[in-house]
Each structure stands twice: as structure tokens, then as C-alpha cells.
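Beneath this line is the structure, given in C-alpha cells, with notes to follow.
The values are calculated or read from the model by the stated rules, or taken from the named source; none is laboratory data. Note that the coordinates shown come from a computational prediction; the quantities given were computed from them, not determined experimentally. Backbone-built Cβ (ideal geometry, glycine too); neighbour counts: all protein chains shown. Just the protein is used for accessible areas: all its heavy atoms, side chains included, with ligands, DNA and RNA removed. Shrake-Rupley method; radii C 1.70, N 1.55, O 1.52, S 1.80 Å.
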Amino acid sequence: MVKTKLLKTDKHDIKIAAEGIKQGKTVVFPTETVYGLGANGLNKEAVQKIYLAKGRPADNPLILHIGNVSWVEKLAVNIPKEFYLLVDNFWPGPLTVVLQAKKNVIPEITLGGLDTVALRMPGHPLALELINEGDLPIAAPSANTSGRPSPTNHSHVIEDLYGKVDYIFLGGDTPIGIESTVLDLSGGKGKILRPGSITYEELMEVVEVEEFVEGQKGKILSPGVKYRHYQPQAPMKVILGEDNHVIEEINRRIPHLLKIYQKIGVLCFDEDIDKILKTDRLHIVPVGSKNNLLSVANNLYKTLRTFDTLKVSYILSRGINHPQGLGIAISNRLNKACGNNIDII
Ligand code: TXA
Ligand code: MG
């Protein structure tokens, strides 16, 4: 057990946390996407604590969070001109760029054994201040227990990591709610490894990139992609299809499922609530409006955690039929949350 101290978001506590980073401690801090579980990314003992607290597989590398673009040249080599175009447009912000790592600077454990490094300058003012105050790159994965939904409020972090990390900032809700876009620029054309809150369309306005392809076979470029992710405790099924048919199908399945399971959860859009059968032992949890994907991104992980709190034994979710923009990142997270247990109707 580690003695966890809860921190306020003021200058005094940011200084304490920055001092902690320098001393090799772990600090959970809000970013504009989700909370990060941070430690000095150049100190292997400190990074080891991150993997331990999260229960994260050792071959899944971490993002280094930096405070200034000038730090990149200390950490990466062969930086293409596209990188500077992208960071001019998207940093500080929810874009992570993978570059060739400089040799013998970053410990192997931070890189998960790869010869590339993922870098991001976060847009959240507290995160930036913390990194600059510590004057060190902070390695930080999402601050959840490995496999669980990412934390978008400090209460989620406390559920997962209290007693396992040194400091947790009480930073409230994170404004975006899903993780950064991971873009590989380590060789040739940019390639989206993880869709995120900066969309393919937005990136394409600045440089040519390859679109993210769901369920790609062959070489796994982003090690994190192969692991179980974002999953609530109960088994979950996603029903994908045309709007009205999906709701009909959910209604058709509910009575059968209630014969097998004690309590069922349904994840739907705000617009669907009135169309779904109301019955005992059924919890309907809306995730946001279908006309406002920002609200859906913002609520998704919180909604998945709600099903855990409600102790449902099975979750039926509508699929998200938006093959562009933010819809790609949202359906990617939903597919993972259900372990690709999807019925296309
Ligand atoms: O929004 C975010 O990106 C949040 C906040 C805290 O910054 N961080 C986050 O970290 O989501 P994490 O560790 O949960 O996800 C990082 C992803 C993983 O899929 C990992 O495999 C990938 O980035 N990644 C890290 N380094 C990489 C590298 N060198 N090459 C390819 N993928 C890499
Ligand atoms: Mg994560």
C-alpha cells in the first residue's frame, strides 16, 4: 500500500506534485482528454511504479508528456517537417505523435522495448504547469486499472488507484473525455494508430495521413491496441444497424435476457430513451445526444462505469453509426468495451 495524498489544483499543490515527480513519485493529474498516471519518464524506477499501479503489461509503451516543443529534439531523431506543421496546429492538445527515439536517453521500460517514442504536449493548464514546473517529461498512461474504462473524473481515479499512487489531483471532469489521437510519424507517411479526439479530417487539413483501420491484422504497430480495454464488469453486447431497427432489436431481446440475468443495463442515445421498453430490473443509461458526438465522447467512460455501480449483470448497447469525425474514435472505444461482441443487424 502507498499512502495516497489528494491534491487541490492550486499553485501550492502543483509545486508539491512537481517536487514529487523529481523525486520519482507517481502523480495522477487531469489532462484535457482523460486523467494520466504520471511519473518521471526518464527514471526507470519511477516508470516501473506506473506499470505496477495500473497492472499494465510491460510491452505497452507510455506517452511522454512534454512542456515545450523544444524538448522534442532531446528525445527524438529524424523529425520530419510534417511534425512541425502538425504541432503548430494541434499542440498543446490531444494529439500524440510517434517519432524515432533518440538512443540511450529514454529508458527501455518507458518505450516498452520499441525504438520509437510517443510524445504529446497536453492542453490542460494544470497538466502543462505541472510538467513545466517539474521540468521533466512525464510518462503517463490513462490513470485507470489496466482494462477498465479510462477516468474522466477524479472519483474514477480514486476507485481504481487510491492506495497505489503517491498523489491524485482533485481536478474534476476532463473536458474531452476520450484519449488523444496517436499518429505514427516514425517512417514515411503519417498513420493513425489510435483514433482520438483530433479527427482524420482535421489532420488531413494539415498533412496527408493514413486513416485508422479498425481490427487491422498483421503487424501491430501500437502495442496497446491488442489488449483488453475500457471494459465494464458485466459482459456487453453492441447492436449495430439502422437506427430504428437497433432499438426494435434491443426491445425484442430484453425479455429473453431478463430470464437469464438478474439486472440488465441498456446504453443508448438521449433520443432513444422513450422508445425503449420500461420494465423491472432494467436500467437505461443515456450516453448523450446522437446529434452531439462531443457529448457522447464526454460521457462514454462515465456511462460504462455507471453500469458497474448499478451492478448490472449484462449490458446491451446500441452501436454508433458514424463512420467519420469523432464517430470513429467513439465506435472504436465502444467496440473495445464490448470485446468486439457486436451483432450487426
Ligand atoms: O489522451 C491520452 O493520450 C492519455 C492522456 C493521459 O494523455 N494517455 C493515454 O495513454 O491514453 P495510454 O497509455 O492509455 O495510451 C497510449 C497509447 C497506447 O495504445 C500505446 O500502445 C500507444 O499509445 N503508444 C505509446 N507509445 C507508442 C509507440 N512508441 N509506438 C506506437 N504506439 C505507442
Ligand atoms: Mg489507456
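Side notes on the structure shown:
- In the elastic network of the chain, a GNM with C-alpha springs shorter than 10 Å, the most mobile of 52, 119, 111 is 52.
- The chain - percent of accessible surface contributed by carbon and sulfur, probe 1.4 Å: 52
- Beta-bridge orientation, the chain: approximately 35 percent antiparallel, per DSSP, counting only bridges with both partners inside.
- Förster-model FRET efficiency, 51 Å R0, residue 10 and residue 277, C-beta, rounded to 0.05: 0.55
- Cross-link partners of residue 189 among aspartates and glutamates, defined as those whose alpha carbon lies under 13 angstrom from its own and excluding same-chain residues fewer than eight positions apart: 82, 208, 210, 211.
- Residue order by solvent-accessible surface for 160, 243 is 243, 160, largest first, with ligands and nucleic acids left out and a 1.4 Å probe.
- Difference of contour (0.36 nm per residue) and Cα-Cα distance, residue 159 to residue 102: 16.8 nm
- For the chain, averaging the sequence separation of C-alpha pairs within contact (under 8 Å, six or more residues apart) and dividing by the residue count gives a relative contact order of 20 percent.
- At the residue level, residue 198 shows approximately 10 square angstrom of accessible surface with a 1.4 angstrom probe and all protein chains present.
- GNM result for the chain, Cα springs below 10 Å: residue of 78, 335, 144 fluctuating most strongly: 78
- Rounded to the nearest 20 debye, dipole of the range 235-345 from Cβ charges on Lys, Arg, Asp, Glu: 480
- For residue 214, the accessible area of its heavy atoms, probed at 1.4 Å with every protein chain present, is near 80 square angstrom.
- Distant-in-sequence amide H partners of residue 36 (H built 1.01 Å from N, under 5 Å): 29, 31, 143
- Filtered trypsin sites (Lys or Arg not before Pro), the range 274-345: DSSP coil and at most 15 other beta carbons within 10 Å: 278, 281, 311
- Here is the list for the range 1-54: trypsin sites (Lys or Arg not before Pro) lying in DSSP coil, each with at most 13 other C-beta atoms within 10 angstrom of its C-beta, are 3, 8.
- Of the GluC sites (Glu not before Pro) in the range 242-323, the ones in a loop by DSSP (not H, G, I, E or B) with at most 11 other beta carbons within 10 Å are 242.
- Dipole size of the chain about its Cα centre, with +1 on Lys/Arg Cβ and -1 on Asp/Glu Cβ: approximately 1340 debye, rounded to the nearest 20.
- Residues in the range 236-344 average 44 Å² of solvent-accessible surface per residue, probe 1.4 Å, ligands and nucleic acids excluded.
- Listed residues 325, 112, 187, most fluctuating in the chain (Gaussian network, C-alpha, under 10 Å): 187
- Hydrodynamic radius (Kirkwood) for the chain, which is based on Cα pairs only, to one decimal in Å: 20.6
- Relative intensity, log₁₀ I(q)/I(0), of the range 236-344 from a Debye sum that treats every alpha carbon as a point, q = 0.13, 0.22 Å⁻¹: -0.42, -1.30
- For the range 96-151, the per residue solvent-accessible surface stands at 33 Å², with DNA, RNA and ligands left out and a 1.4 Å probe.
- Ranked by solvent-accessible area (1.4 Å probe, protein heavy atoms only, all chains present), the residues 66, 345, 273 order from largest to smallest as 345, 273, 66.
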